[in-house]
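Notes to accompany the following structure.
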Amino acid sequence: MNPEQNNLQPDDLRALALQLAAFTDLLEQRGDHVIQQTREAALHIGQTAKSAAASSERMTAGAIEQFRQAAASVVSDGMRQPMEDAARTMQGSTQNILKATNELETRVRTAGRGLTATAWKAFVASALASVTVIGVAVYMGMHTRQDIARAEWTGLINAAIANGKLTQCSDGGLCARAGRKWVRIDQ
C-alpha cells in the first residue's frame with residue numbers, strides 16, 4: 001500500500017465537509033426547535049394563568065353580586081341573621097378563591113422561570129455544540145491542509161522517480177541524481 005492510497009481524495013474531503021455542514025445545520029435546527037417550543041410553552045402557561053385569574057375574578061364578582069341580591073331579598077323578608085352567616089361563608093370562600101388564585105399565579109411564575117432556565121440551558125447547549133462543531137471544522141481544515149502539503153510533496157517525489165532523478169540505491173537507501181552521478185541522500 002503506498003502513501004497515496006492513505007490520503008483522502010478531494011471528493012472525500014468534499015463529502016466530509018458536506019456531512020459536517022449537514023450535521024451543524026441539524027444541530028442548529030434542533031436548538032431552534034427546542035427554543036421555539038420553550039417559548040410557546042411559556043406563552044401558553046402565561047395565557048392559561050391569565051385566563052384562570054380572569055375566570056376566578058368573574059366567578060367571584062358574579063357570586064358576590066348574587067349574594068348581594070339574595071341578601072337584599074332576604075333582609076327584606078326578615079332573614080338578616082342567616083344572611084350574615086352566609087356572607088361570612090361567602091367571604092371565606094372568596095378569600096379561599098383569592099388564595100388559590102395567588103398560589104396559581106405563584107406556580108405559573110415559578111413554571112415560567114423554570115421554562116426560561118430551560119430555554120437558557122438549551123441555548124447554552126446549542127452554543128457549546130456550535131463551538132464544538134467549529135472546533136472540529138478547524139481541526140479538519142488544519143489536518144486537510146497538512147494532507148494537501150504531504151500530497152504535494154509526494155507528487156514531487158513521484159515526479160522525480162518518474163523522471164529518473166530519484167531511486168533506491170543498490171545497497172539500500174535513497175539515491176538522487178546530481179548531474180551524471182548518483183548521490184545517496186538518506187544519511
Practice problem: Report relative contact order for the chain in percent, whole number only (criteria: Cα-Cα under 8 Å, sequence separation at least 6). | Solution: 27 percent
Quiz item: GNM, the chain, Cα, under 10 Å: largest mean-square fluctuation among ASP12, ASP85, ASP25?
Solution: ASP85
Quiz item: Once you list every other residue whose beta carbon is under 11 Å from the beta carbon of VAL133, what net charge do they have if Lys and Arg are +1 and Asp and Glu are -1?
Solution: -2
Self-check item: Proximal charge balance of GLY172 [Cβ under 10 Å; K/R count +1, D/E count -1]
Solution: -1
Quiz prompt | Given charges at beta-carbon only (K, R positive; D, E negative), |dipole| of the chain in Debye | solution = 580 debye
Quiz item: What GluC sites (Glu not before Pro) in the range 89-187 are in a loop by DSSP, with at most 12 other Cβ atoms within 10 Å of the Cβ?
Solution: none
Quiz item: Could you work out the helix-only [θ] at 222 nm for the chain, with each DSSP H run of four or more residues adding -39,500 (n - 2.57) and the total divided by the number of residues, to the nearest 500 deg cm²/dmol?
Solution: -31000 deg cm²/dmol
Exercise. Using only Cα atoms, find the angle between the long axis of helix 80-162 and the longest principal axis of the chain, and express it within 0 to 90 degrees, rounded to the nearest 10.
Key: 10 degrees
Exercise. Considering the options ALA100, VAL136, THR154, tell which one lies farthest towards the positive end of the dipole of the chain, charges being +1 on Lys and Arg and -1 on Asp and Glu at the Cβ, about the Cα centre.
Key: THR154
Quiz item: Which angle between 0 and 90 degrees, to the nearest 10, do you get for helix 10-76 versus the longest principal axis of the chain when only C-alpha atoms count?
Solution: 0 degrees
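Each value in this text was obtained by applying a stated rule to the coordinates, not by laboratory testing. Fair warning: this is a prediction, and the values are worked out from it, not measured in the lab. So basically every Cβ, Gly included, is an ideal-geometry build from the backbone, and we count neighbours across all protein chains shown.
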